Amino acid sequence: MERKVNYLGISSEIMSNSGHQLQEKLALLCHTIKDEKIGIMQIEPQNRDYLLPIYGYIGKAGDSIVSPSNFILPQLSLDQLLQPIILDHFLTQFFTLFDYQQQVSQSLSKGALIKFHSRYKYLIMAYSQVAYRELGRYIANLSDEISLDEIASKYQQKLMRALSVAPNREGQTNALMHMAGYFKRDLSSQQKQEMSQTILLYRQGVMPFSKPYNLLQYWLSVYPDDYLIHQRYFSPYPQAFDYLREQL
């Protein structure tokens, strides 16, 4: 598969035409993107009607931009930089695409695709139970009669469709409970009760997502599990935006 450059597209109209707080958020995002060795492409309004080599777009509210045929392009309007749930969703989509390009598309093989899917198991589960089952079946039944390029393109399409709607508390709770099960032989009854209670309080909207997330990460540091450690659920985007979990 042809090697591609990973770009974030940003409308030229918003680069210097917004409030101070928005510009600070945009500057943080651009700095983080560049740290990840991802190029930033400034896009003029007249070029939005053309298919561009980008994997995410930030523009004005109401902007529309052409998406590739095999996935829906992650898009964010400038004002949504201040909305934690929407920003978390955009970053997850964008960096999933980036990771897919790095880990699968640039060295395409069935093994690379299976390994990628394994690392994203609980992130996909949090977003959609239906997609979790569908993608699991797809990976389990890879055909030798279909070209790898077609297999990878269809997987990418299914994956980005799975991530097209932000996860709700029920989906996150389901994924958290499944991962908590990895520690059932290590934790005392009181510790397991604390874990379950923290997750349920998050589901009820009493606690932010960061509480069960941090507790699960704590027990993972105490009782390391190689499979969980490599789950992208714990690092869907760079650490510069970890603060978002306090607001989810």
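The values are calculated or read from the model by the stated rules, or taken from the named source; none is laboratory data. Just so it is clear, the model here is predicted, and its values are computed rather than measured. We place every Cβ from the backbone using ideal geometry, glycine too, and count neighbours over all the protein chains shown. Protein only, heavy atoms only, side chains kept; ligands, DNA and RNA dropped before computing areas. Shrake-Rupley method; radii C 1.70, N 1.55, O 1.52, S 1.80 Å.
Out of segment 58-166, which GluC sites (Glu not before Pro) are coil in DSSP terms and have no more than 12 other C-beta atoms within 10 Å?
Qualifying residues, ordered by number: GLU145.
If you take the C-alpha gyration tensor of segment 114-248, multiply each eigenvalue by 5 and take the square root, what semi-axes do you get, largest first, in whole Å?
Numbers: eigenvalues 169, 56, 36 Å².
Listed largest to smallest, the semi-axes of segment 114-248 are 29, 17, 13 Å.
How would you classify segment 78-187 from its alpha-carbon gyration tensor, with a ≥ b ≥ c the square roots of the eigenvalues: rounded for a/c under 1.5, else prolate if a/b is greater than b/c, otherwise oblate? Intermediate values should be presented prior to the final figure.
On the way: a/c = 2.02, a/b = 1.23, b/c = 1.65.
Verdict is oblate for segment 78-187.
Mind pulling the angle between the C-alpha long axis of helix 210-222 and the longest principal axis of the chain? Nearest 10 degrees, somewhere in 0 to 90.
The angle comes out near 60 degrees.
List the pair-distance distribution P(r) of the chain, using every Cα-Cα distance, as the percent of pairs falling in each 10 Å bin from 0 up to the bin containing the longest distance, rounded to whole percents.
Answer for the chain: a P(r) of 7, 29, 33, 22, 8, 1, 0 percent.
Percentage of Cα-Cα pair distances in segment 182-248 greater than 13 Å, rounded to whole percent? Before the final figure, lay out the partial values.
Values: 1479 of 2211 pairs.
When every Cα pair of segment 182-248 is considered, 67 percent fall beyond 13 Å.
Determine the sum of side-chain charges near SER12: Lys and Arg each +1, Asp and Glu each -1, restricted to other residues whose C-beta is under 14 angstrom from that of SER12.
For residues surrounding SER12, the net value is -1.
Given H placed 1.01 Å from N in the peptide plane, which residues other than close sequence neighbours of GLN75 have an amide H under 5 Å from its amide H?
Long-range HN contacts for GLN75: TYR57.
Taking only Cα atoms, what is the 0 to 90° angle, nearest 10, from helix 169-180's long axis to the longest principal axis of the chain?
The angle comes out at about 50 degrees.
Given axes a ≥ b ≥ c from the Cα gyration tensor, I'd like to know whether segment 14-131 is rounded (a/c under 1.5), prolate (a/b larger than b/c) or oblate.
Values: a/c = 1.88, a/b = 1.59, b/c = 1.18.
Prolate shape, in that a/c is at least 1.5 and a/b is the bigger ratio.
Accessible area of THR173, 1.4 Å probe, to the nearest 10 Å²?
Its accessible surface works out to 10 Å², give or take rounding.
Add +1 for every Lys or Arg and -1 for every Asp or Glu among the other residues with Cβ under 13 Å from the Cβ of ILE146, and state the total.
-2
Within 10 Å, at most 12 other Cβ atoms, and a DSSP state outside H, G, I, E, B define an exposed site. Report the longest part of the chain free of exposed trypsin sites (Lys or Arg not before Pro). Walk me through the intermediate numbers first.
Details: sites that count: ARG3, LYS4, LYS37, LYS184, ARG185.
Here the longest segment lacking exposed loop sites spans 38-183.
Tally Lys and Arg at +1 and Asp and Glu at -1 over the other residues with C-beta under 10 Å from the C-beta of TYR202: what net charge comes out? Intermediate results must be reported in sequence, preceding the final value.
Numbers: positive: ARG169, ARG203, LYS211; negative: none.
So the surrounding residues net to +3.
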